[in-house]
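Undergrad: Structure in C-alpha cells, see below.
The values are calculated or read from the model by the stated rules, or taken from the named source; none is laboratory data. In this text the structure is predicted, and so the values were computed from the model without any measurement. Here Cβ is always computed from backbone atoms with ideal geometry, including for glycine, and neighbour counts include all displayed protein chains. Accessible surface is based on the protein model in full, side chains and every heavy atom, while ligands, DNA and RNA are left aside. Shrake-Rupley method; radii C 1.70, N 1.55, O 1.52, S 1.80 Å.
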Amino acid sequence: MKSVTLEVNGKKVTKTIEDHLLLSSFIREQLNLTGTHVGCDTSQCGACVVHVDGKSVKSCTLLAADIDGSAVTTIEGLSTNGELHPMQAAFKKHHGLQCGFCTPGMIMSSVDLLNNNKNPSDAEIREWLEGNICRCTGYQNIVAAVKEAAQNS
Amino acid sequence: MASSMIGSRVERTEDKKFITGKGRYTADITLHGQTYAFFIRSPHARAKIKKVDISKALAAPGVVTILTGQDIIKDKIGGLIAGWKIVSKDGTDMKLPAHPPLAHDQVNYVGDHVAVVIAESLEEARNAAELVNVDYKVLTAVVNTASAMTSEAIYEGIDKNLCFDWELGDKAKTEEAFAKADRIVHLKLNNNRLVPNAMEPRASIGEYNSSTDDLTLYTTSQNPHLTRLVISAFNGVHPEHKFRVVAPDVGGGFGSKIYPYAEDVVIAYAAKKIGRPVKWVCERTDSFLSDCHGRDHVTEAELAVRKDGIVTGLRVNTIANLGGYGSLFATVTPTYLYAPLIVGLYNIPAAYCNVKAVFTNTAPVDAYRGAGRPEATYLIERIMDQAANEMGMDRAEFRKKNFITAFPHQQCLVHNIDSGDYHAHFNKALELADYKGFAKRKADSAAKGKLRGIGFSTYIEACGIAPSSVVMSIGAGVGLWESAEVRFNATGNISVFTGAHSHGQGHATTFAQIVADKLGVPMANIDLVHGDTDKGPFGMGTYGSRSLAVGGSAISKACDKIIDKGKRVAAHMLESTPDEIDFKDGEFIVRNSNKKKTIGEIAFACYLPGTYGEIKSPLPAGVEPGLKETAFYDPINFSFPSGSHVCEVEIDQDTGVTKVVKYSCVDDFGTLINPMIVEGQVHGGLAQGIGQALYENAYYDETGQLVTASYMDYAMPRADHFPEFKIEYTCTPATSNPLGVKGCGEAGAIASPPAVMNAVIDAIGTDISMPATSEKVWQALRTKVKSAKKAA
Ligand code: FES
Ligand code: FES
C-alpha cells in the first residue's frame, strides 16, 4: 500500500492504494469517474486515454502509484464552466460518435494531437488515432471532427 | 417546422452525455453491497468434466460462494435455447445439444463456462478461481468447418455433427436451367469467421430484493425484453412480472448482444441465490473466447449462364459452422436470412440452395452485422465477377443485363420485392467512382510499380425483420413486431417508449424526429425511453436493420392514434365534428375557419377535463381522460434496401499490402429521416466489411485454441486503414411501412466485402480468399509469377 496525491481535473486527491493499482482502475473505482473506459486487457484500444501532465496516455498502462504528484485530466475535466471543449463540440457536430464507448479516449487523444500539431492533415489525424479503436463510426466523422476542432481552437 | 424534420441532419440529442463522460454503461454501475463474479472457463476445446473440486477455493479469503454445473442441476436452471426451429430436407427437426449455463459433464469450446466464483472483491474472486480444481478428460476437438461432418461426433445422438441439412428452391427447375446452360461457372468460397468486437465488453449486474421478490438484471443487451422472456420462461430463473431487465447505455452490439448469454443467466440466478448484488464485467480476452462469432461458411456455387450473358440458374452448397452449441439466432442466420438472397438483385429464374449446419468445438456462431446477407452477397457478387471474366464481358455491363427492373418482383426463392431501381444507383455509383477514368488511374499506378484493381458490389438485403406470421410459419419462436407508446404529459411535452434499443444508432434523435414531424411538437419537448422492461411495453429489440422500419412505424402508428383522439376532443371543444377537423403542424383546425386548438391545449384538456379558471375543457361523451396511445406494429413484408458499391485498391507488389484508395457507394434506403445518422451507419458498416475482406479472421488451431484472442492478434481496422468514403443515395420509398424507410444499419457490412475482394482479384488476376492479408496477397503474386515462368 502506498499513499499517492494526484491533481485530478483540478482537484487534489490523496488516497492510500495498492502498489499495483492501474491508473484506469484508480480513476474508475476510487474516484468514480466512469467516463474513462476500459475496452481491452492488452493496451490496444485507447478507450482509457487520459492526460497525465498534459500528455495523452493509456491509463491502463500506468500504475497510479507511479505518477504520484502528477496532474491528471479525464474526459469529465475537459469542459470548463459547463462550456464544451471545442473538440467535444466538434464530435457532436460531425457525428463523430455512435455508441460513445470509444469517445472519451478518442477525444482525449485528439486534444493531445492538436497540442502537438495545430493543423494536422487527414493522414496525420488517421495516423495519430491509430491507437484508438472505434467499431462504430468507420472513423470518417471523427477525422472531420478533429479537423473542425483544429480550425476552432 | 413540422414536415422539415424528415430528412433533416439534426445533431444527436444523446451525444452530450457521451462526450462529457456521463454515459452510464453497465460496468459503470456500482450497487450497495455488491459482490464480484469471476467465471472459470474451459481451457480445452473438448473435454469431459470428471470432477470440479471447489473445497480449497471456498475457504479462500473473501469468497461468498462458488456455483458449478451441479448447482444448476439442483436448482433446475434451464439451458440456453436456439430460438428458431429449422426442419431438414428429410422432414426431421434440427438436432441440438443441451446447453447448460454452467457445464456439468462436458465442455465444448475454449471459454465454455464451468463455474463462477463470487467474492467481496474482483481480486479475491480471481485468486480463489485459481484454487478451483477441475479434473478434465481431454477429447479430440472438432474444429474445421469443411471436415466437421467426417470427424468424430461431439454429441451423442447428433450424427456427423450435423444440426440440420436444409434446402431452399426448386431443385428440378434449377437442374434444368443448368442442363440448358451455355456455360457453367464454378466458384469455391470461404466466408471467414469474425469476432464482432463491440468496444464495450459484455457485463451484467444482478440485484435481488428478498422482501419484495424483485429481481433486476442490468446487462449489455440490444434486446432487454427478449432477455427477460428467455431467462424467465426457459432458464426459469424468476417469473417475468417480478423480473426487470435494464440495458442502460450499451457500447455497440452488431448482433453480439441480441441474446442472453450464459453469464446473464448465471448472474441473475446467483444474485437471487445469495441475496446480494453480483457484478460481472467481461475481460477482452474472454470476449474473444465467449462472445458469439459471426459468418464461417464454406460454399461451392455454380452459375448457369446463356452465351448472351443472361444468368438462368444458381446452385449453391454451403456448410455453416454453428460452433459448440446452437445459439439463439444461430439457425436462422445461415438459412432464411441467407439463402433467399443468394440471387441478389438479379432476375435469376431458378435457384437452389442446400445448407448443412455443423457443430464444432469453437465458440457459438450467431448473427453478426448483416447475418446471412453478407454471406449471400459475397457469394453472388463474387460469382457474377467470375462469370463476366470467364465470358470476357465488362463486369458492370454483365450486372446491368441481369438486374431486376420491374416491381413488385417475386423472386424464384422467397421474397416479393416491393420497390427499387437498381440501374439508377449503379449508374450513379459508376459516375461517383469515375469508372471511365479507371484505366488511366490503373496506368498511373502501374507507372509507380503498383497494381490497381476495381471491384463492384451491387446488393440487396431483406430488412425490417419481420412479418410475424411469415417468420413464425418458418420456425421463429417469437413474432417480430415492435411496440411503441406515445405519452403526452399534461404540460404538453411527450415521453415516447419504444421496444427497440439504441446502442449507437441514435434512436433518441431519429425517433423524436418522427414524433416531431407527426405531432408538430418541438424536438426539445420529446424524450425517448428505451432499454428498461419496467418502463415501456414489451418489445423485440434492435437488430436486422429493423428499428426504424418496424419500431419507427409503431411510433408513427401511435402518433396517428393520438391525432385521432385529439380530433375528437378538439371537435368537441370547437363545437364541430371530428371529420371537419384537420391536423397540421401541431394544430387542430376546423376546416375553412380560423377556429383551432394546439395539440398542447388538447393534451392539457385531456388531463384536466373540466373547468379550470378561464379554461373550459370538457371531454366529449365516451372519451376517456388522458392522452397516451400504444401501438404494436407488425410489418406486412420485409423491406429491401439495395445499393451499388465501387471499390478501388492499390497493391504494393513487394509487400503485398493492399490499400483501399477509393470507395464510392450509392444506397437506396428508401426515405431518410436523418441523413447524418444514416451516413454514420454506412461508414461503420463499411469499416467492418472492409475489415472482413482485408484484415479480420478468427483463427482456431487444430486443437481448438483461439489463436486470435486479443487485439494484438486479431486485426481490428484502424483509422489509417481507410480512405474517405464517398456516399450518395437514391430513393425508392418502401411500400411496406408507413414511413417508406428500408433500413441502413447493415448495408455497409453486406456490400463491402465483395466490392473489396473483386477489386483485389482484379488487381492481382488470381483468386484469393478473405481476409486478403498482405502475406496472402504476396504469396498469391509469387505463385502467379512462378507458374507463369513454368508455362513459358
Ligand atoms: S483499456 Fe487501455 S488501451 Fe484498452
Ligand atoms: S462510437 Fe462506438 S466504438 Fe466508437
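Undergrad: For segment A:2-77, what is the accessible area per residue in Å², given a 1.4 Å probe and the full set of protein chains? Kindly include the intermediate steps, with their values, before the conclusion.
TA: Details: 3180 Å² over 76 residues.
Per-residue value: 42 Å².
Undergrad: Label-point separation (nm) for residue B:410 and residue A:1, each offset 7 Å from Cα along Cα-to-Cβ?
TA: 7.8 nm
Undergrad: Rounded to the nearest 5, what % of DSSP beta bridges with both residues in chain B are antiparallel?
TA: That works out to approximately 80 percent antiparallel.
Undergrad: Also, quick follow-up: Distance from the Cα centre of segment B:503-555 to that of segment B:233-297, in angstrom?
TA: Here the two parts' Cα centres lie 24 Å apart.
Undergrad: If Lys and Arg each add +1 and Asp and Glu each add -1, what is the summed charge of the other residues whose beta carbon sits under 14 Å from the beta carbon of residue B:294?
TA: Local net charge: 0.
Undergrad: Additional query: Out of every Cα pair in segment B:686-792, what percent are spaced more than 23 Å from each other?
TA: Percentage above 23 Å: 48.
Undergrad: Next question. Could you give the dipole magnitude of segment B:481-633 about its Cα centre, charging the beta-carbon of Lys and Arg +1 and that of Asp and Glu -1, in debye to the nearest 20?
TA: Charge dipole of segment B:481-633: 120 debye, to the nearest 20.
Undergrad: May I ask which of A:15/B:242; B:188/B:307; B:428/B:561 have a Cα-Cα span longer than 32 Å here?
TA: A:15/B:242; B:428/B:561
Undergrad: Within a Cβ distance under 15 Å of residue A:114, other residues only, what is the Lys/Arg minus Asp/Glu net charge?
TA: It works out to a net charge of -1.
Undergrad: Continuing with the same structure: Toward the positive end of the charge dipole of segment B:481-633, about the Cα centre and with charges on Cβ (Lys, Arg +1; Asp, Glu -1), which of B:586, B:540, B:521 goes farthest?
TA: B:586
Undergrad: For segment B:348-406, what is the accessible area per residue in Å², given a 1.4 Å probe and the full set of protein chains?
TA: Averaged over the residues of segment B:348-406, the accessible area is 19 Å².
Undergrad: Given the options B:660, B:503, B:619, identify the residue whose Cα lies farthest towards the positive end of the charge dipole of chain B (+1 on Cβ of Lys, Arg; -1 on Cβ of Asp, Glu).
TA: Positive-most Cα among the choices belongs to B:660.
Undergrad: Please give every one of the aspartates and glutamates within straight-line cross-link reach of residue B:440, meaning a C-alpha to C-alpha distance under 14 Å, and leave out same-chain neighbours fewer than 8 residues apart.
TA: Output for residue B:440: B:648, B:650.
Undergrad: Calculate the dipole size of the protein assembly as shown relative to its Cα centre from +1 charges on Lys and Arg beta carbons and -1 charges on Asp and Glu beta carbons; express the result in debye to the nearest 20.
TA: The dipole magnitude comes to about 920 debye.
Undergrad: Treating segment A:2-77 as a set of equal point scatterers at the Cα positions, no solvent, please give the Debye-formula log₁₀ I(q)/I(0) at q = 0.27 Å⁻¹.
TA: Scattering profile of segment A:2-77, log10 relative to I(0): -1.45.
Undergrad: Shifting gears a bit: With a 1.4 Å probe and all protein chains left in place, how much accessible area per residue does segment B:593-748 have, in Å²?
TA: Ligands and nucleic acids excluded, the figure is 36 Å² per residue.
Undergrad: Considering only B:455, B:407, B:778, whose Cα is most displaced toward the positive end of the charge dipole of chain B, charges sitting on Cβ of Lys, Arg (+1) and Asp, Glu (-1)?
TA: Of the options given, the answer is B:778.
Undergrad: With both partners inside chain A, how many of the DSSP beta bridges are antiparallel, as a percent to the nearest 5? Can you show the working numbers first?
TA: Working: 15 of 17 bridges.
DSSP beta bridges in chain A are roughly 90 percent antiparallel.
Undergrad: Of all accessible surface on segment A:86-152 at a 1.4 Å probe, what whole percent is carbon and sulfur?
TA: Values: 910 of 2010 Å².
With neighbouring chains kept in place, the figure for segment A:86-152 is 45 percent.
Undergrad: Also, I was wondering about something else. At 1.4 Å probe size, with the rest of the protein present, what percent of the exposed accessible area of segment B:64-129 is carbon and sulfur atoms?
TA: Of all accessible area on segment B:64-129, carbon and sulfur atoms account for 51 percent.
Undergrad: Note down the magnitude of the dipole of segment A:27-153 about its Cα centre, charges +1 on Lys and Arg C-beta and -1 on Asp and Glu C-beta and zero elsewhere, to the nearest 20 debye.
TA: The dipole of segment A:27-153 has a size of about 380 debye.
Undergrad: Now a separate question. Looking at segment B:720-744, which residues lose a minimum of 30 Å² of accessible area between their chain alone and all protein chains in place, measuring with a 1.4 Å probe and not counting ligands or nucleic acids?
TA: With the partner chains in place, segment B:720-744 has these residues losing at least 30 Å²: B:720, B:722, B:724.
Undergrad: For residue B:789, which lysines qualify as cross-link partners when the Cα separation must be under 23 Å and same-chain residues fewer than eight apart are set aside?
TA: B:450, B:776
Undergrad: In the protein assembly as shown, what % of DSSP beta bridges are antiparallel (nearest 5)?
TA: Once the DSSP bridges in the protein assembly as shown are tallied, antiparallel ones form about 80 percent.
Undergrad: For segment B:188-211 and segment B:437-471, compute the distance between their C-alpha centroids and round to whole Å.
TA: Going from one Cα centre to the other spans 30 Å.
Undergrad: Could you tell me the relative contact order of segment B:481-633? Use alpha-carbon pairs under 8 Å, at least six residues apart, and round to a whole percent.
TA: For segment B:481-633, the relative contact order is 30 percent.
Undergrad: Okay, next question. Taking a ≥ b ≥ c as the square roots of the Cα gyration tensor eigenvalues, with a/c under 1.5 meaning rounded and otherwise prolate when a/b beats b/c, else oblate, which class fits the protein assembly as shown?
TA: It comes out rounded by the Cα gyration axes.
Undergrad: Then there is this: Only loop residues by DSSP count here, and only those with at most 15 other Cβ atoms within 10 Å; note down the GluC sites (Glu not before Pro) in segment B:141-211 that meet that.
TA: Values: sites: B:152, B:156, B:167, B:175, B:176, B:207; in loops: B:152, B:156.
Sites meeting the loop and neighbour criteria: B:152, B:156.
Undergrad: Could you look at segment B:512-594 and say what percent of its accessible area is carbon and sulfur, using a 1.4 Å probe and all protein chains?
TA: Carbon and sulfur atoms account for 43 percent of the accessible area of segment B:512-594.
Undergrad: Right, next: What residues in segment B:273-291 lose 10 Å² or more of accessible surface when the other protein chains are added to their chain alone (1.4 Å probe)?
TA: Those are B:283, B:284, B:285, which lose 10 Å² or more relative to the chain on its own.
Undergrad: Let me ask something else about it. In whole Å, what is the distance between the alpha-carbon centres of segment B:66-96 and segment B:574-648?
TA: Segment B:66-96 and segment B:574-648 have Cα centres spaced 47 Å from each other.
Undergrad: Checking an interface number: how much accessible area is buried between A and B, summed over both chains, with a 1.4 Å probe, in Å² rounded to 100?
TA: Summed over both sides, the interface buries about 4000 Å².
Undergrad: With the Cα gyration tensor of chain B giving a ≥ b ≥ c as the square roots of its eigenvalues, does the rule (a/c under 1.5 for rounded; else a/b larger than b/c for prolate; else oblate) give rounded, prolate or oblate?
TA: It is oblate, given that a/c is not under 1.5 and a/b is not larger than b/c.
Undergrad: Checking buried surface per residue: for segment B:3-44, which residues lose a minimum of 40 Å² accessible area in the protein assembly relative to the chain alone (1.4 Å probe)?
TA: B:11, B:12, B:15, B:18, B:19, B:20, B:21, B:25, B:28
Undergrad: Output the relative contact order of segment B:168-291, whole-number percent, from Cα pairs under 8 angstrom with separation of 6+ residues.
TA: 33 percent.
Undergrad: Below 19 Å, Cα to Cα, which lysines can residue B:51 reach? Residues fewer than 8 away in the same chain don't count.
TA: By straight Cα distance, residue B:51 reaches B:74, B:137.
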